[in-house]
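Undergrad: Pasting in a structure now, in structure tokens, and then I'll have a few things to ask.
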Amino acid sequence: MATIRCDALTKRYGAVTAVDALDLTIAHGEFMVLLGPSGCGKTTTLNMIAGLEEISDGRLLFDEADVTWQPPHKREVAMVFQSYALYPNKTVFENIAFPLRLRGVPREQIDRAVRQAADQLEIAHLLERRPHQLSGGQRQRVALGRAIVRKPSVFLMDEPLSNLDATLRLSMRSLIKRLHHGLGATFVYVTHDQAEAMTLADRIAVMRGGLIQQLDTPDGIYARPANLFVASFLGSPQINLVEGAVEDGGVFARGAFRLPLPAGLGAPGRQVILGLRPEDVGPPGEGLATLHARVELVSPLGSETHLEVRATGEVPLTLRVPKEWRAREGDLIEVGVAPERLHLFDRASEARIA
Amino acid sequence: MALRSGPPLAPRIGRGLLLALFSALFVLYVAGPVGWLVSSSLQTEAQITAVPPNWLPPDPTFANFEAIFTAADREVTYETRRQGDPATGGFLPSGAANLLPSLWNSLTVGLWVAVLNLLLSLTAAYAIAVIDFRGRRSVLYTVLATRVIPDIALVVPLFLVVRNLGLINSLGALVVTYLAVTVPFTIFILISYFEGIPRDLYRAARIDGCGHWGALRHVYLPLSLPALVASLTFAFLTSWNEFVFALVLTQNVAAQTLPIVISGFIMDFTTSFSFVNAAGVIAIVPPVLMAIVFQRYIVSGLTAGAVKG
């Protein structure tokens, strides 16, 4: 049982504020992902929750109990590190058993718990090895084992998959997701990888400059990014952004490039940035605005195709289309865009225009 | 047969020869005096002073060592010391009986210094290297700054302090003084070693349930074994070899250490080099034993596999 509440949590290093009055409540059993580029304060936030980083200001509460000044070993959290951080002088068994040994758990109980965790993580055959004899993926499983063996109510993960290769990362990702379902513990997961964030999270907190930019479900963040930063941080390929203005009659315009906006979006004359997700295009049809474009580059990915095009008015766009579209470089194409799929941001504040 | 790649054969042989030659010269330079010490300790006074010298003992004798171990049973006076012992040439130094007690003094002081030095430095180095507290860099620099002052400049002030404490001619005074010399260096060595241990291991230990003592015991101690052994050896040898402080702070057999007593042999009316050299051989035995026992612990690569890499 653990609800984590950050109450104006602040971390300062001298004159630099790494985390700035962060308010965040993480519900019991929730999988919260802190997402952002490096230096955004996500790891500092995690370390403050862990107790590894002193809190400069604000409060941290676990189940409404103030733990702001509690040392890490009193907080009953488990943590997995990007670097695995296995004890090199201990065997795999002893690495996993270590937190239990420190708590004075009886020998037979430790033995049972370690073997159970090892079975769950499919590392039972490695128990007598030492960390340097393991591959990266195996090491990270051992690190997970060391975390789950304590059955903690809070799991903290600091970019646990960043050092693994792409295939391994996928299987470990689903392993972590299964662990979360099985354990029912509160997870706080730090990453800069949007795919990890989208697939794992119940909610994502997108951070930049020590501040939360947006806090929402993965779908919510993707569908309604709160500002330009969030819009461009999530999504691959990146969202297309076009600077322009709103014209009379609810039309976005940049020279000859014109798209009708949904009713009531943006006052005429307002300087805005239009966002169009690469996949939010389709064949022209009724109720859709039509874009004319010249194909400049075709990148087939097998499952889908990415097109780099120049739309009317020499506006460069990236489009994600089904593999059945047989576009060739130099073709002139027409695509349909649903006005309600467009995102509009204020050019000065970069905030979303609802 | 495939030709080996690399430089042509002749220069390669030439380079090998040159390396061998310089290595041999270096070994001779380092081991020569020790060899002569051991060789002459097995010769009589007459053989040592012979021209040309006997590089190897023509007729090895243990009489010098016998003289050392029986010195306490003999009363050495101006009248008696010319008698007996052909090996020492009959010149048994007047302080000969002090040799074995001083050996024990040296061992006692050395072991206390080695152990206390490690305990003090370990905790200090951990605090400075690991715990993030205000002014930790200043603490480190202050500690190191004390070592910029040459020992000789501290002799008189230290003498006064020790005398006023009533500790003159006590082993405790030597232990405390030597610690002042070894602790700053050891702290410095251990800090750089600790800082090389991945920080994530410390974090993991704290999360797993260790306080600072636990992290020190479970992470830093096992992983810095080579540095600990090096510190232990360094402190022992510093204490074992120290001369100036011991000369000033000790006066007689109750606290005098080996270097003081042995140097005293040379200041007698006549000097028995065979006796001095035999004492010298005894003086190098403990450090050599220590080096043999500890050298296998001084290995690297203990942190392999801790973190990515």
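The values are calculated or read from the model by the stated rules, or taken from the named source; none is laboratory data. Small disclaimer: the values here were computed from a predicted structure and weren't measured. Positions of Cβ are backbone-derived with ideal geometry, glycine not excepted, and every protein chain shown enters the neighbour counts.
Undergrad: I'd like to check which helices (runs of 4 or more DSSP H) are fully inside region A:94-203 and have at least 3 residues that are touching a strand residue (DSSP E or B) at 6+ places or on another chain (Cβ under 9 Å) and either within 18 Å of A:Met79 (Cβ to Cβ) or free of Cβ contacts under 8 Å to residues at least 40 places away in the same chain (or both).
TA: Helices (runs of 4 or more DSSP H) meeting the threshold: A:136-148, A:166-183, A:194-200.
Undergrad: Give the number of residues within region B:128-155 that are assigned to a helix (DSSP H, G or I) and touching a residue at least 24 places away in the same chain (Cβ under 8 Å).
TA: Result for region B:128-155: 9.
Undergrad: Also, I was wondering about something else. Of all the residues that make up region A:159-203, how many are at pLDDT 95 or above and within 14 Å of chain B (Cβ to nearest Cβ)?
TA: Adding up the residues that qualify gives 2.
Undergrad: State the number of residues belonging to region A:58-79 that are facing chain B (nearest Cβ under 9 Å) and part of a strand (DSSP E or B).
TA: 3
Undergrad: Looking only at region B:153-203, count every residue that is closer than 23 Å to B:Val248 by Cα, β-branched (Val, Ile, Thr) and under 19 Å from the mean Cα position of the chain (by Cα) and tell me the total.
TA: Total meeting the criteria: 6.
Undergrad: Of the residues A:Val149, A:Val206, A:Val142, A:Val242, only one is away from chain B (no Cβ under 14 Å), over 18 Å from A:Leu46 (Cα atoms) and either hydrophobic (A, V, I, L, M, F, W, C) or surrounded by 23 or more Cβ atoms within 10 Å (Cβ to Cβ) (or both); which?
TA: None of the other options fit; the residue is A:Val242.
Undergrad: So which residues in region A:27-59 are out of contact with any helix residue (DSSP H, G or I) (no Cβ under 9 Å at 6 or more places or on another chain) and within 15 Å of A:Met207 (Cα to Cα), if there are any at all?
TA: A:Met32, A:Ser38, A:Gly39, A:Cys40, A:Gly41, A:Lys42, A:Thr43, A:Thr44, A:Thr45, A:Leu46
Undergrad: State all residues of region B:225-237 that are more than 17 Å from B:Leu111 (Cβ to Cβ), touching a residue at least 40 places away in the same chain (Cβ under 8 Å) and more than 10 Å from chain A (Cβ to nearest Cβ); if no residue qualifies, say none.
TA: B:Pro226
Undergrad: Something else: Find all pairs meeting these conditions: Cβ atoms under 9 angstrom apart; at least six residues apart or on different chains; first residue within region A:44-57 and within 13 Å of chain B (Cβ to nearest Cβ) and under 19 Å from B:Gly211 (Cα atoms); second residue among the basic types (Lys, Arg) and assigned to a loop (DSSP other than H, G, I, E, B).
TA: A:Ile49/A:Arg75; A:Ala50/A:Arg75; A:Gly51/A:Arg75
Undergrad: Something else now. Residue under question is A:Ala195, and the condition is that it be of a type outside the set (S, T, N, Q) and surrounded by fewer than 19 Cβ atoms within 10 Å (Cβ to Cβ); does it hold?
TA: So A:Ala195 passes the test.
Undergrad: Checking B:Trp112 against (1) within 14 Å of chain A (Cβ to nearest Cβ); (2) assigned to a helix (DSSP H, G or I), which test does it fail?
TA: If we test B:Trp112 against (1) within 14 Å of chain A (Cβ to nearest Cβ); (2) assigned to a helix (DSSP H, G or I), just (1) comes out false.
Undergrad: How about region B:204-220: which of its residues are at the interface with chain A (Cβ under 7 Å from one of its Cβ atoms) and more than 32 Å from the chain's Cα centre (by Cα)?
TA: Residues satisfying the conditions are B:Ala204, B:Arg206, B:Ile207, B:Asp208, B:Gly209, B:Cys210, B:Gly211.
Undergrad: Name every residue in region A:294-323 that is in a loop (DSSP other than H, G, I, E, B) and within 19 Å of A:Pro237 (Cβ to Cβ), in order of residue number.
TA: Once the filter is applied, which keeps residues that are in a loop (DSSP other than H, G, I, E, B) and within 19 Å of A:Pro237 (Cβ to Cβ), region A:294-323 yields A:Leu301, A:Gly302, A:Ser303, A:Lys323.
Undergrad: Let me ask something else about it. Find all pairs meeting these conditions: Cβ atoms under 9 angstrom apart; at least six residues apart or on different chains; first residue within region B:159-174 and at pLDDT below 90; second residue loosely packed, with under 14 Cβ neighbours inside 10 Å and not hydrophobic (A, V, I, L, M, F, W, C).
TA: B:Ile168/B:Gln251; B:Asn169/B:Gln251; B:Asn169/B:Asn252
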